[in-house]
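**Student:** Handing you a structure now.
Since every read-out is calculated from the coordinates, none of them should be taken as a lab result. None of these values were measured; they are calculated from a predicted model. Please note: Cβ atoms are built from the backbone with ideal geometry, for glycine as well, and neighbour counts cover all protein chains shown.
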Amino acid sequence: MEKIILNRKVILIFFIFFANILYAQNYFIKSKIRQGELRLYFSSDIDKVKYFSLPAGDGSIKNVYDIYGAVLPKGKGISHHSYKNIDSFKIGQNSPERLRVVIKSPQKPLDTHAYRDNMLVIPLIHGKSASIKGKTIKSILNQKYTIVIDAGHGGKDNGASSGKDVEKDIVFSIAKKLKKRLLDRGYKVYMTRNRDHFIKLSKRTEFANKKKADIFISVHANAAPSKKKAKIFRGIEVYYLSPAQTKRAKEAAEKENSVMLEDTDYYTKNAYLSLLNREKIIESHKLGLDVDKKLISNIKHYYKKIENGGVKSANFWVLVGAQMPSILVETGYITHPVEGKKLLDDNYQSALAKGIAQGVDRYLQNQRKQ
């Protein structure tokens, strides 16, 4: 009797084990061609896709897409498809954990694709970007990059203020809009804070380093040094970490550093600066220039009157410790009577987010050309 019960338990364990394996598999369901794209659908979310191309013997190109964790059910295929400038479509189980799609074409490599949720989209025209839900995504390029957005201040630290309006709330709203813009472009995006709470300086860049980010962007709003100068100080400014060179840069740095490093002594500050990597400074400067250019041109498209404060170096301690190109964007002066109101406007915040995202695109595109 005990032997029968034991056997039943063994059978039950094996059943659960194999059921879990079957349940975890991501099955290929169907494919179709729409608007110059091959669209592949699976039973669950796609984990990872890798692309590479191989020359075929007849001078054409084999475009290879490996879909990890995907399984091809018996009798399924995509060989029935046909499209101009495409010689053949093939799909097969390359290994137990990898499904392979091969598209042979006389065109140059079809090196852009996109996947989201359970759908993979492959453009069948060289140079065409994949689109999902009506949005173009440069997936194969952008998915390589991780970006961390830091919404300045938070919690007990309100940052700059003008009446009841505080910096921490404004920049958090802008940061959320920026995150959405970058996600739509196919980047991996994280935020140092997803709610109103205080994060120490070291934890912000530490978070970016743990995520192995390629870019770190800290979003802030500036303030005039005094009420008398509230009508004078205005404009968008972009900073990168390096010894401050101008009076205005020093004032901006002192404002942002006041709460976060109030207990940091002189020697600790100078020790941080001695660790600065010259190559990182150069790349941060390049990133700042690209973001500033796109930010200003985009804002001027919607709002004609905008002052460009330019790209400056300063001792912003929130950028210290970042192991990647990093910048701090002062999106405007909350204390300025006109600019402060714009910073509260949802459309203006969206224009800021769009400009920063375009600047990131420009910087990374230039990086690929090097």
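**Student:** What's the FRET efficiency of TYR68 with ASN308 using the Cβ-Cβ distance as r and R₀ = 41 Å, to the nearest 0.05?
**Tutor:** The formula returns an efficiency of 0.35 here.
**Student:** Restricting to Cα atoms and excluding each atom paired with itself, what does the Kirkwood estimate give for the range 109-219 in Å?
**Tutor:** Value: 15.5 Å, from the Cα pair sum.
**Student:** Could you give the length gained by full extension between LYS200 and ASP58, i.e. 0.36 nm per residue of separation minus their alpha carbon distance, to one decimal place?
**Tutor:** So the extension gain works out to 45.1 nm.
**Student:** What do you get when you divide the Cα radius of gyration of the range 26-131 by 2.2 N^0.38 Å, with N the number of residues? Walk me through the numbers before you get to the answer.
**Tutor:** Details: Rg = 12.7 Å, N = 106, 2.2 N^0.38 = 12.9 Å.
For the range 26-131, the normalised Cα radius of gyration is 0.98.
**Student:** In addition: Compute the separation of the alpha-carbon centres of the range 276-354 and the range 145-181 and state it in Å as a whole number.
**Tutor:** 13
**Student:** Oh, and also: Return HIS153, HIS80, HIS113 ranked ascending by Cβ neighbour count within 10 Å, so the fewest neighbours appear first. All intermediate terms of the calculation are to be shown ahead of the outcome.
**Tutor:** Numbers: HIS153 27, HIS80 7, HIS113 24.
Ordered by Cβ neighbours within 10 Å, fewest first: HIS80, HIS113, HIS153.
**Student:** Do you know the relative contact order of the range 26-131, to the nearest whole percent, from alpha carbon pairs under 8 angstrom that are 6+ apart?
**Tutor:** It rounds to 29 percent for the range 26-131.
**Student:** Here's a follow-up. Please list, by residue number, every one of the trypsin sites (Lys or Arg not before Pro) in the range 63-101 that is coil in DSSP and has at most 16 other beta-carbon atoms within 10 Å.
**Tutor:** Qualifying residues, ordered by number: LYS74, LYS76, LYS84.
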